[in-house]
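The values are calculated or read from the model by the stated rules, or taken from the named source; none is laboratory data. Keep in mind that what you see is a predicted model, and the values were worked out from it rather than measured. So basically every Cβ, Gly included, is an ideal-geometry build from the backbone, and we count neighbours across all protein chains shown.
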2 protein chains.
Amino acid sequence: MARLAGVSQTTVSLVLGGNKQGIALHEDTRARVFAAARELGYVPDPAARRLAAARNNLLGVFSFTATFPTAVEHSYYPFLAGVEQEAAAQGYDLVLFTGSSSGGAQAGEPGALDRVRLADGCLFLGRHVRGDQLRRLVADGYPAVHIGRRDEPAGLAWVGADYVAASAEVVRHLTGLGHRRVVLVREDDDAPASTDREHGFRAALAECAGRRGADDPAAVVRTGRPAADITPAWVRARLAEGTTAFVAEETDTGGAWRALHTAVAAAGLDAPRDLSLALLGSPPADLAAVRPPTGFDIPRAELGAAAVRLLVAQLAGQERAEPLVACAFRAGDTTGPPPGGPG
Amino acid sequence: MARLAGVSQTTVSLVLGGNKQGIALHEDTRARVFAAARELGYVPDPAARRLAAARNNLLGVFSFTATFPTAVEHSYYPFLAGVEQEAAAQGYDLVLFTGSSSGGAQAGEPGALDRVRLADGCLFLGRHVRGDQLRRLVADGYPAVHIGRRDEPAGLAWVGADYVAASAEVVRHLTGLGHRRVVLVREDDDAPASTDREHGFRAALAECAGRRGADDPAAVVRTGRPAADITPAWVRARLAEGTTAFVAEETDTGGAWRALHTAVAAAGLDAPRDLSLALLGSPPADLAAVRPPTGFDIPRAELGAAAVRLLVAQLAGQERAEPLVACAFRAGDTTGPPPGGPG
DNA sequence: TTGTATGCGTTATCAA
DNA sequence: TTGATAACGCATACAA
């Protein structure tokens with residue numbers, strides 16, 4: 001013990017612990033403690049100090065699929081980048097959990113989510129988190145934050161991208177160019193991320209209809225995987241009906257956008273010459289290079305960081321703040337005025 | 001406490017702790033303890049565990065730059081994939097220590113490394129490791145494994161890719177095609193990864209020279225960042241001297257390969273028609289699609305997994321095994337016989 | 001087969 | 001300004 005070296009004992013904690021309480025210390029004492037510590041190579045045991053502090057400075061990160069899947073494009077990497085940085089800034093370390101691993105022994109078992117309790121609080125990623133277990137965690141007052149909007153279980157804190165506002169902005173960009181009839185291609189599921197985009201889409205079109213007195217031009221198409229119904233013929237039919245712009249939502253595979261892109265090209269059409277295309281999100285890497293679509297970028301790193309801040313605030317007993325993070329509008333090369341002129 | 005739920009208390013440790021000592025336990029008791037634990041969502045505190053037993057089934061990962069940097073190409077992500085999977089298989093949870101992350105509160109502090117002691121052992125990644133702190137950890141007998149060959153501090157265990165063998169194999173592929181004069185373009189630094197590649201390169205060429213009695217055709221060029229000296233004129237000059245093949249080492253930015261690629265194209269030359277090109281590693285994503293180069297792939301996930309196995313073996317007091325992991329030769333489209341025919 | 005007592009290294013509360 | 005002393009939550013030797 002450094003106690004032997006110096007002449008003190010509890011004092012070591014104080015000087016080496018940073019003296020949070022602001023207790024007065026003799027400068028000599030400090031110096032002696034430091035000297036002795038260096039001499040013996042003494043290092044405060046993090047386990048002991050975390051035990052005594054009743055807080056281990058660990059934040060959990062739980063993703064129901066592997067945190068590091070082989071296919072990078074499905075990964076949570078962009079979120080983790082923000083999580084890591086913000087956790088570092090807040091002085092927390094990260095414990096990585098996955099639905100498939102969780103300590104090896106009890107994979108997939110009913111209590112698998114309980115493992116996260118070894119951390120002070122936990123972040124959850126992904127749609128497929130078991131609701132019942134999460135509910136219990138939340139009910140027990142365990143600090144938890146979900147990345148992505150989530151209505152269930154009640155009381156679960158979350159941070160999410162403001163898809164409503166971002167989608168509305170994209171649509172307003174189109175209506176501002178003169179488009180009056182726009183079609184949204186979305187996935188056939190009811191995830192909040194899809195629903196929010198549709199809300200923003202409809203809201204922005206309704207605004208325009210109100211102003212100009214036109215009838216409601218909103219049209220929404222739900223497509224499957226793969227998006228087999230988005231064909232050149234389908235595109236032509238929509239154009240014939242007066243549609244001048246198409247909007248696709250971003251999905252994890254980019255399927256909707258890819259299908260739209262392909263169908264338009266196959267129909268011998270060109271954006272923005274013959275019609276306008278926009279993407280409610282970011283394009284898959286291989287299509288990004290071809291022609292950057294008009295749309296918005298999801299601030300994934302920002303979301304990760306915001307989630308950490310929210311979780312830390314929860315740990316400190318503070319109430320939650322604004323959970324929505326704004327997306328950045330991206331002006332691309334795929335939109336322009338409708339062919340026949342505005343209106 | 002789970003103690004309240006059941007009727008025991010120390011027993012909880014035994015049954016939940018895996019009962020290392022092989023003490024006899026009533027099946028009813030075990031069942032009751034498990035039931036109570038599940039009921040309360042009880043999880044043993046890792047800090048307390050580590051304090052009392054000096055182990056808590058936590059493995060640390062410490063990288064000397066952010067583990068999830070904004071620039072994806074510099075990331076340790078591929079290693080992490082293997083680390084995560086193997087750690088799960090071995091029954092360990094992963095702690096990502098954020099001590100050195102950019103923006104981290106204790107980024108450059110002298111004690112930044114000490115927090116890893118919370119975990120039973122720790123993996124280290126990256127070239128820019130604080131040697132002094134690592135040395136202390138190792139000297140204290142703390143289980144540590146470095147991913148990537150490393151000579152310093154002495155006694156630090158590591159796993160690495162067998163760059164020597166892999167590079168030699170690539171060169172033999174070239175000499176087998178008939179190339180006799182080959183130039184290596186490498187970074188101007190002395191990282192083991194670069195040095196090993198050069199060794200393999202030289203060894204394979206020397207073999208060939210020995211067999212055929214030719215003079216030593218090895219030529220090594222060190223280039224900076226950016227690799228400004230790799231110009232079309234430079235390529236032409238080497239060809240004029242009789243060089244028929246060029247080999248570049250993989251770097252984190254892919255700079256050397258990119259420079260070579262660009263210079264050859266700008267010189268109006270084509271591989272494998274006019275000359276052969278090979279890459280000691282994998283190409284950056286954007287160049288991979290263009291034309292897959294002959295070379296080898298670093299088994300990053302395998303390395304991560306091997307590191308975990310080595311660390312776990314160290315925890316069990318076993319001695320270290322073979323630290324080298326073989327790279328996979330990749331036949332690409334950039335090599336062929338020399339233009340003038342073999343020899 | 002299970003309960004009791006003790007210690008792991010710190011921090012926090014009080015007393016000196 | 002500093003030194004005792006009691007937790008912190010768990011594991012282990014030992015007694016029951």
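Going by what's in this entry, would A:W234 be described as under 18 Å from A:E198 (Cα atoms) and at pLDDT 85 or above?
Here the answer is no, as A:W234 does not meet what is asked.
Could you look through segment A:37-47, keep only residues that are assigned to a helix (DSSP H, G or I) and modelled with pLDDT of 90 or more, and pick out the one that is surrounded by the fewest Cβ atoms within 10 Å (Cβ to Cβ)?
A:P46
Taking into account only those residues within segment A:16-25 that are touching a helix residue (DSSP H, G or I) at 6+ places or on another chain (Cβ under 9 Å) and either touching a residue at least 40 places away in the same chain (Cβ under 8 Å) or near DNA strand D (Cβ under 8 Å from one of its atoms) (or both), which is nearest to the other protein chains (Cβ to nearest Cβ)?
If we take residues in segment A:16-25 being touching a helix residue (DSSP H, G or I) at 6+ places or on another chain (Cβ under 9 Å) and either touching a residue at least 40 places away in the same chain (Cβ under 8 Å) or near DNA strand D (Cβ under 8 Å from one of its atoms) (or both), then A:L25 is nearest to the other protein chains (Cβ to nearest Cβ).
Mind counting the residues in segment A:293-339 that are more than 19 Å from A:V171 (Cβ to Cβ) and touching a residue at least 24 places away in the same chain (Cβ under 8 Å)?
Summing the residues that are more than 19 Å from A:V171 (Cβ to Cβ) and touching a residue at least 24 places away in the same chain (Cβ under 8 Å) in segment A:293-339 gives 19.
For segment B:51-67, which residues satisfy the criterion of being away from DNA strand C (no atom under 16 Å from the Cβ) and over 19 Å from B:L311 (Cα atoms)?
If the condition is that a residue be away from DNA strand C (no atom under 16 Å from the Cβ) and over 19 Å from B:L311 (Cα atoms), then B:T65, B:A66, B:T67 are the ones that fit.
Can you tell me which of B:T67, B:T98 is touching a residue at least 40 places away in the same chain (Cβ under 8 Å), facing another protein chain (nearest Cβ under 7 Å) and touching a Phe, Trp or Tyr at 6+ places or on another chain (Cβ under 8 Å)?
B:T67
Out of curiosity, is B:L58 within 29 Å of B:G99 (Cβ to Cβ), in contact with a strand residue (DSSP E or B) (Cβ under 6 Å, 6 or more places away or on another chain), of a type in the set (A, V, I, L, M) and surrounded by 14 or more Cβ atoms within 10 Å (Cβ to Cβ)?
Against the criterion (within 29 Å of B:G99 (Cβ to Cβ), in contact with a strand residue (DSSP E or B) (Cβ under 6 Å, 6 or more places away or on another chain), of a type in the set (A, V, I, L, M) and surrounded by 14 or more Cβ atoms within 10 Å (Cβ to Cβ)), B:L58 qualifies.
Any idea which of A:P292, A:P299 is crowded, with 16+ Cβ neighbours inside 10 Å, within 14 Å of chain B (Cβ to nearest Cβ) and not charged (D, E, K, R)?
The conditions single out A:P299.
Please go through segment A:108-129 and give me each residue that is part of a loop (DSSP other than H, G, I, E, B) and within 13 Å of chain B (Cβ to nearest Cβ), ordered by number.
Matches in segment A:108-129: A:G108, A:E109, A:P110, A:G111, A:A119, A:D120.
When you look at A:G336, is it over 23 Å from A:A245 (Cβ atoms) and in contact with a strand residue (DSSP E or B) (Cβ under 9 Å, 6 or more places away or on another chain), yes or no?
Judged against the criteria, A:G336 is not a match.
Which pairs do you get when a residue that is farther than 16 Å from A:L51 by Cα and more than 8 Å from chain A (Cβ to nearest Cβ), found in segment B:35-49, comes within reach of a residue that is surrounded by 19 or more Cβ atoms within 10 Å (Cβ to Cβ) and not polar (S, T, N, Q), reach meaning Cβ atoms under 7 angstrom, with the pair 6+ apart or on two chains?
B:A36/B:A2; B:A36/B:G6; B:L40/B:A2
Quick check on my filter: what residues within segment B:241-265 are over 15 Å from B:T231 (Cα atoms) and surrounded by fewer than 16 Cβ atoms within 10 Å (Cβ to Cβ)?
B:E241, B:G242, B:D252
State the number of residues belonging to segment A:240-261 that are at pLDDT 90 or above and part of a loop (DSSP other than H, G, I, E, B).
Residues flagged as at pLDDT 90 or above and part of a loop (DSSP other than H, G, I, E, B) within segment A:240-261 amount to 5.
Out of segment A:8-22, which residues are closer than 22 Å to A:P46 by Cβ and modelled with pLDDT under 80?
A:S8, A:Q9, A:G18, A:N19, A:K20, A:Q21
Answer with yes or no whether A:R202 is basic (K, R) and either touching a helix residue (DSSP H, G or I) at 6+ places or on another chain (Cβ under 6 Å) or part of a helix (DSSP H, G or I) (or both).
Taking the combined requirement at face value, the residue satisfies it.
Are any residues in segment B:263-289 outside any loop (DSSP other than H, G, I, E, B) and free of Cβ contacts under 8 Å to residues at least 12 places away in the same chain, and if so, which ones?
Once the filter is applied, which keeps residues that are outside any loop (DSSP other than H, G, I, E, B) and free of Cβ contacts under 8 Å to residues at least 12 places away in the same chain, segment B:263-289 yields B:A265, B:D286, B:A288, B:A289.
Take segment A:74-83 and flag every residue that is within 7 Å of chain B (Cβ to nearest Cβ) and touching a residue at least 12 places away in the same chain (Cβ under 8 Å).
A:L80, A:A81
Only one of (1) under 19 Å from the mean Cα position of the chain (by Cα); (2) at pLDDT 95 or above is not met by A:L184, so which one is it?
Going through the list (1) under 19 Å from the mean Cα position of the chain (by Cα); (2) at pLDDT 95 or above, A:L184 breaks only (1).
Anything in segment B:266-280 that is at pLDDT 95 or above and buried (at least 19 other Cβ atoms within 10 Å of the Cβ)? List them, or say none.
B:L275, B:S276, B:L277, B:A278, B:L279, B:L280, listed by residue number.
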